[in-house]
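The values are calculated or read from the model by the stated rules, or taken from the named source; none is laboratory data. Quick caveat, the model's predicted, so the values are computed rather than measured. As a convention, Cβ positions derive from the backbone with ideal geometry for all residues, glycine included, and neighbour counts pool all protein chains shown. Note: accessible area is taken over every heavy atom of the protein model, side chains too, but ligands, DNA and RNA are not part of it. Shrake-Rupley method; radii C 1.70, N 1.55, O 1.52, S 1.80 Å.
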Amino acid sequence: MDSLDVSNNTALTFLKCNSNQLISLVVGGATALTDLNCSYNQLTSLDLSNNMALASLRCFRNQLTIIDFSQNVGLIWVNVGDNQLTSIDIRNGNNSDLTHFNCLNNPDLTCISVDDVALANSKPASLWQIPSGVSFSTNCVTYRNSYGNVSDHFIDSISIGDINNNSGDD
């Protein structure tokens, strides 16, 4: 089995589909989902934006590159270690309740977007397992430069002044 779509199972609360060689998992319509274990697959993306009741996610040992938890206000337990993550957004307004967070072994990850940098930095390393060299920001922006390297920049504000586009075709 390489794909699984449970989006029509609106009352589904628990899904364990680990170790199945999945390349596609669709859970958007499973709005009651609170516990998801999709580890040991080949997922490159996972859309959790409609799973607001999600409390626990085990999605380690996949090939995820981006994960967005901004709509998952009930999250308390997350393991997304051993992926290819370059971007994690956990700005869900509830980082204080996120008791376990593991994102180890994501070599291109350099920044995690959080609600409160001071709160994130105060979490015990035994509960928030973050790779060395990874920092927290309220607004990480990730891009690939012309050499294909991943870079993170922290943006507080951008000001664009007077731009005059003169093409010389007067």
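Phi angles of region 114-122 translate, via the Karplus equation with coefficients 6.51, -1.76, 1.60 and θ = phi - 60°, into HN-Hα couplings of 10, 5, 9, 4, 4, 4, 4, 5, 8 Hz per residue; Gly and Pro are given as x. Surface composition of region 40-146: carbon plus sulfur atoms contribute 49% of the solvent-accessible area (1.4 Å probe, protein chains only, all chains present). Close amide H partners of Asn102, meaning residues 5 or more places away or on another chain with modelled amide H under 5 Å apart, are Val78, Asn79, Val80, Gln129. Coupling constants for region 20-37 follow from the phi torsions by the Karplus curve (6.51 cos²θ - 1.76 cosθ + 1.60, θ = phi - 60°), and in residue order they are 10, 6, 5, 10, 9, 9, 10, 10, x, x, 7, 6, 8, 4, 10, 9, 10, 10 Hz; glycine and proline get x. Once a ≥ b ≥ c are taken as the square roots of the eigenvalues of the Cα gyration tensor of region 7-75, is the result rounded (a/c under 1.5), prolate (a/b larger than b/c) or oblate (a/b not larger than b/c)? Prolate, since a/c reaches 1.5 and a/b exceeds b/c.
On the beta carbon distance between Ala118 and Asp89, with R0 = 25 Å, the FRET formula returns roughly 0.90.
Proximity of backbone amide H atoms, modeled 1.01 Å from N, is registered between Ile112 and Ser135, Phe136, Ser137 at under 5 Å, excluding neighbours fewer than 5 places apart on the same chain.
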